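Q: Shown below is the structure under consideration.
What follows draws every value from the coordinates through simple rules; no lab data is involved. The model shown is predicted, which means the values in this text are computed figures rather than measured ones. So basically every Cβ, Gly included, is an ideal-geometry build from the backbone, and we count neighbours across all protein chains shown.
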Amino acid sequence: MPDQFVLKKDNSPVKYKAEVSSIGNASTVPRLKNKTGETKNLQPSPPAKNGSIPKRELGHSNELSAALLSYDTAILLDNIPDAQIEQAFTNLIIKYTLFGGQDGDKEFILTAAEKLLFKEQKLIVASKAIQLI
Amino acid sequence: MKKTFLLTPLFHFLITLAVSGQSTVEIEMKDLIVPSSPAFSLLDNNPKTIERPGTIKALALNLVNKAGESGGLPKNLALEFAPFWLFKTPGMNIYKFNGIETDDEGNFKKQHIFSGLRSTSISLGSIFKDSSKTIPVDVNYLAYGIRANLINIRSKKILQEVTKRIVDINTRLSEAITNLNGCTKFTPGTPEYLKCFGESLSKSLKNDSLMKIYRAEYVSLATIRPLFSADLAFASSTAFGNNIYSNHHVYRTGAWLTLALSKPLAKSSDINKQLKSRNYINAYGMLRRMNSNTTKDFSQFTKNRLLDLGGRIEIELDKVSFSVETIRRNDQDNKNLNTGKTVGIIQYRISETLYFLGTFGKDFEKVNNLIALFGINWGFGSNALFQKFR
């Protein structure tokens with residue numbers, strides 16, 4: 001069951017951002033699936049921001065109703081000693097923020113169930129979905 | 001002729017073994033290097049397994065279990081951890097981790113020379129010796145130690161390249177994620193989606209030859225020898241007699257400092273040459289202070305305070321290295337026991353772990369102190385004094 005973000009019932013702008021705290025190389029690709037089931041890739045995290053996405057406009061409340069916003073993040077742990085790979089995985093923090101909802105701004109945190117470690121490839125993948133209602 | 005060539009080094013090697021066996025001071029340059037686990041080093045203990053808890057909870061559980069097993073002070077404890085890895089660090093990123101500060105576009109701005117402090121590690125060790133051993137008392141030796149990489153100064157050019165590789169890898173990673181379309185049948189954020197996402201991305205990365213090059217270059221650049229590094233360690237130990245807390249004495253206390261200067265002989269503007277270079281001029285300075293209390297009965301103790309200083313200047317030219325090293329031992333309680341050794345060393349690398357070694361100079365002894373030896377050395381090469389960054 002995805003997290004939920006309650007939109008305003010008007011034409012006000014909704015913004016989003018993501019902050020990745022990790023010692024590896026990281027990139028995040030946000031996607032938006034609208035109520036008709038059509039999915040579009042949004043602009044990925046700037047390479048220099050290492051997975052984090054600065055505050056950006058997502059759209060207007062009345063257009064976003066019933067849409068699903070998702071973030072796919074991948075992290076490469078090259079140069080991290082094998083003994084510390086699992087600790088790097090445990091210590092990963094991703095904070096997602098949506099702005100301009102009915103209750104103002106709302107933060108969502110990546111949970112343990114939303115990330116997976118592929119130890120041999122030194123790869124962490126994380127996925128977060130937020131239902132806009 | 002060929003036989004002579006083969007037999008001469010062997011003959012000298014055997015002679016050398018006989019001569020070196022006469023030395024009363026047994027200290028080598030590698031003994032002065034900051035140890036990776038100072039607590040175990042102080043107890044002369046080389047544990048087969050070292051517990052490395054990954055969380056605060058695991059650390060606490062480990063200590064409680066060890067104390068519970070022994071009914072008091074833990075016996076035969078070998079524990080090591082770096083506090084940085086035990087905690088989540090909000091705001092951490094790959095640049096900070098590498099000691100790099102960038103501007104908003106990801107361009108290199110400056111380096112943080114103290115970033116190695118993050119890898120500071122703490123070691124705790126104990127060893128139990130019953131009364132049938134050297135002392136007629138059951139003694140539990142308990143030691144704690146800390147090791148830190150104080151300073152790392154790296155080439156600006158190298159760090160600029162590290163920064164570029166980070167951006168290259170992140171760009172390529174974004175493209176790889178964007179191009180994955182096979183997981184749309186699953187809902188994002190679910191275990192099925194994560195599995196599909198991870199497996200598809202792994203496959204994509206394995207087939208991406210450019211990404212493999214970027215990743216390998218990033219690792220090589222990030223681990224290249226610093227121009228200058230300083231490492232420090234401190235450890236202390238206490239001996240508890242008959243498992244009685246009040247019956248305790250400081251056993252050994254030690255401090256180590258290693259300074260390493262490493263200048264590649266390749267042109268600093270040519271990064272590829274620097275990465276492949278095995279030609280360096282190195283200078284090392286080492287200091288070890290060791291205080292110890294020795295006893296035969298656990299009631300009378302004798303203090304022994306030693307200050308060891310070492311230095312080496314070395315030229316590495318691919319397979320061959322020339323160096324001069326000196327070690328000075330100052331006995332703080334008896335100046336008559338002060339001694340030193342200065343030698344010139346030539347090493348030729350036959351393979352990665354096999355070295356031909358020639359040493360000439362003055363040994364620690366006051367008489368009969370000329371060293372002239374040849375030999376084959378396994379595992380300890382010209383780079384052994386260099387501790388890989390992080």
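Q: Mind giving me the FRET efficiency for A:Lys40 and B:Asp104? R0 is 41 Å, r the Cβ-Cβ distance, nearest 0.05 is fine. Write out the running numbers ahead of the final one.
A: Details: r = 26 Å, r/R0 = 0.64.
Plugging the Cβ-Cβ distance into 1/(1 + (r/R0)^6) gives 0.95.
Q: Could you give P(r) for the protein assembly as shown, binned at 10 Å from zero, as whole percent values over all Cα-Cα pairs?
A: Bin by bin from 0 Å, the calculated values are 3, 15, 20, 21, 17, 12, 7, 3, 1, 0.
Q: Set the Förster radius R0 to 51 Å, insert the Cβ-Cβ distance between B:Ala372 and B:Ser202 as r into 1/(1 + (r/R0)^6), and round the FRET efficiency to 0.05.
A: Details: r = 57 Å, r/R0 = 1.12.
So, using R0 = 51 Å, E works out to roughly 0.35.
Q: Go through B:Gly54, B:Asn181, B:Ser155 and say which Cα lies farthest out towards the positive end of the charge dipole of the protein assembly as shown; charges sit on Cβ, +1 for Lys and Arg, -1 for Asp and Glu.
A: B:Ser155
Q: Dipole magnitude of the protein assembly as shown about its Cα centre, charges +1 at Lys/Arg Cβ and -1 at Asp/Glu Cβ only, in debye to the nearest 20?
A: Values: 68 positive and 48 negative charges, 150 e Å.
For this selection, approximately 720 debye.
Q: On a 22 Å Cα-Cα criterion, which of the cross-link pairs B:Lys129/B:Lys335; A:Lys33/A:Lys106; B:Lys96/B:Lys157; A:Lys49/B:Lys110; B:Lys48/B:Lys296; A:Lys9/A:Lys115 come out too long? Could you put the intermediate results ahead of the total?
A: Working: B:Lys129/B:Lys335 33 Å; A:Lys33/A:Lys106 20 Å; B:Lys96/B:Lys157 17 Å; A:Lys49/B:Lys110 17 Å; B:Lys48/B:Lys296 28 Å; A:Lys9/A:Lys115 33 Å.
Going by Cα-Cα distance, B:Lys129/B:Lys335; B:Lys48/B:Lys296; A:Lys9/A:Lys115 fall outside the 22 Å limit.
Q: Against the longest principal axis of chain B, how steep is helix B:156-178, in degrees 0 to 90 to the nearest 10, with axes from Cα atoms?
A: With both axes taken from Cα atoms, the answer is about 40 degrees.
Q: Against the 2.2 N^0.38 Å scaling, with N counting residues, where does chain B land? I'd like the Cα-based Rg ratio to two decimal places. Walk me through the numbers on the way to the answer.
A: Working: Rg = 25.9 Å, N = 390, 2.2 N^0.38 = 21.2 Å.
It is 1.22.
Q: In segment B:235-342, which trypsin sites (Lys or Arg not before Pro) are in a loop and have at most 12 other Cβ atoms within 10 Å, using DSSP for the loop call?
A: On the way: sites: B:Arg252, B:Lys267, B:Lys273, B:Lys276, B:Arg278, B:Arg288, B:Arg289, B:Lys296, B:Lys303, B:Arg305, B:Arg312, B:Lys319, B:Arg328, B:Arg329, B:Lys335, B:Lys341; in loops: B:Lys267, B:Arg278, B:Lys296, B:Lys319.
Those that pass, being in a loop and sparsely packed, are B:Lys267, B:Lys296.
Q: Could I ask something else about it? To the nearest whole number, what is the average tally of beta carbon atoms from other chains within 10 Å of the beta carbons of peptide B:157-167?
A: Values: counts 0, 0, 0, 0, 0, 1, 1, 0, 2, 5, 6.
Per residue, the average neighbour count from other chains is 1.
Q: For peptide B:86-99, how many partner chain Cβ atoms fall within 10 Å of a residue's Cβ, on average?
A: That works out to 5 on average.
Q: I'd like the FRET efficiency for A:Val6 and B:Arg305, computed as 1/(1 + (r/R0)^6) with the beta carbon distance as r and R0 of 60 Å, rounded to 0.05.
A: Working: r = 71 Å, r/R0 = 1.19.
Step by step, r from the Cβ atoms, then E = 0.25.
Q: Relative to the longest principal axis of chain B, what angle (0 to 90°, nearest 10) does the C-alpha long axis of helix B:209-222 take?
A: It works out to around 40 degrees.
Q: How large is ³J(HN,Hα) for each residue in segment B:179-186, as worked out from phi by the Karplus curve 6.51 cos²θ - 1.76 cosθ + 1.60 (θ = phi - 60°), to whole Hz, x for Gly and Pro?
A: 7, 7, 10, x, 9, 5, 6, 9
Q: Note the angle between two axes, namely the Cα long axis of helix B:2-20 and the longest principal axis of the Cα atoms of chain B, as a number of degrees from 0 to 90, rounded to the nearest 10.
A: Rounded to the nearest ten degrees, it is 60.
Q: Right, something else. List residues of segment B:115-138, by number, whose backbone nitrogen lies under 17 Å from a label position 7 Å along Cα→C-beta of B:Leu63.
A: Zone members listed by number: B:121-127.
Q: Nearest 20 debye, what's the magnitude of the dipole of segment A:3-132 about its Cα centre given +1 on Lys and Arg Cβ and -1 on Asp and Glu Cβ? Don't skip to the end; give the middle numbers.
A: Details: 17 positive and 15 negative charges, 70 e Å.
It works out to roughly 340 debye.
Q: Pop a pseudo-label 7 angstrom from the Cα along the beta-carbon direction at both B:Asn179 and B:Val219 and give the gap in nm to one decimal.
A: 2.2
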